[in-house]
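The structure appears below as structure tokens.
Please treat every number below as a calculation from the coordinates, not as lab data. Given the structure is predicted, the values throughout are model-derived calculations rather than measurements. Cβ atoms come from the backbone with ideal geometry, glycine included; neighbour counts cover every protein chain shown.
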Amino acid sequence: MLRCLAIDDEPLALELLEDNISQVPYLKLEGKCNNAFEALKFLQEHTVDLIFLDIQMPGLTGLQFIQSLTHRPMIILITAYEKFALDGFNLDVIDYLVKPVPLDRFIKACNKAWELFNLRLNRAENSSSDEPEFLFVNVEYSLLKVEFADIQWIEGLKDYIRIYLKSSSKPVITRMSMKAIEEELPSSKFIRVHKSFIVSVSAITSVRKNSIFIGVEEIPIGDNYKDAVNLIINKA
């Protein structure tokens, strides 16, 4: 079961959200809050896996609430405003729903959270002392498995990233921050060389001045990352 928290300052919206949650068999509603401050207090005493969150709330907005969390559960934003979608995805939310939300669209978002929850659970159970050999990324409302050994480099572009693979001429494009993908990658196999680039150490073919080459592809080395790159070179 996914333990859930619903947060919305509109009583009718909160009631509707509660009804939708009750119709999804793997969801268990642990609590309801009328604002972000109530939710912060609730999370000090309870653990949840998934938060359904409104954005426009008095005092502390939903986006500010997300940024205030030290340990972030999965989050699905439910709001009347489409304009915050980019901000939401930059905070690595599972999905962004615009009110009024049809039940089938609500269930589709919940299924994404359920799949990710089970993937993380299976990874934790199977990892033991071994590092995982893959990760899953959201691509067009589904989860795509990407093998670490297949990744050559990753490029960050504002609200999404491009993952360049050995096995494909086209990159995998997913809404994810560079910080989030960096945390998913094993540090023994990947290195951040620029604010917009992460490369596979094994894919590097040469290093010249301020650039790394992967075959014919030239990737810049940022000033803040030169020491880390030199450390990898000196280990080789």
What full-extension length gain, to one decimal in nm, is calculated for Glu15 and Leu103 as 0.36 nm per residue of separation minus the Cα-Cα distance?
30.3 nm
Top positive-direction residue, dipole computed over the chain with Cβ charges, set Asn34, Gln23, Val199:
Val199
Ranking Leu121, Ile173, Cys110 by how far each Cα lies towards the positive end of the charge dipole of the chain (+1 on Lys and Arg Cβ, -1 on Asp and Glu Cβ), the top one is Ile173
In nm, the gap between the two label points placed 7 Å beyond Cα toward Cβ at Asn210 and Arg72 is 3.1
Modelled FRET efficiency - R0 22 Å, Arg162 with Ser187, Cβ distances, 0.05 increments:
0.60
Kindly provide the helix-only [θ] at 222 nm of the chain, computed as the sum of -39,500 (n - 2.57) over DSSP H runs of four or more divided by all residues, to the nearest 500 deg cm²/dmol?
-10000 deg cm²/dmol
Can you check what the net charge comes to around Pro171, using other residues whose Cβ is under 11 Å from the Cβ of Pro171 (Lys, Arg +1; Asp, Glu -1)?
+1
Could you give the length gained on full extension between Asn34 and Leu119, defined as 0.36 nm per residue of separation minus the Cα-Cα distance, in nm?
27.5 nm
Taking the Cα centre of region 68-210 as origin, work out the dipole magnitude from +1 charges on Lys and Arg Cβ and -1 charges on Asp and Glu Cβ, in debye rounded to 20.
500
Label corresponding to volume of the Cα convex hull per residue in Å³ when calculated from the structure given, among (i) 127; (ii) 148; (iii) 118:
(ii)
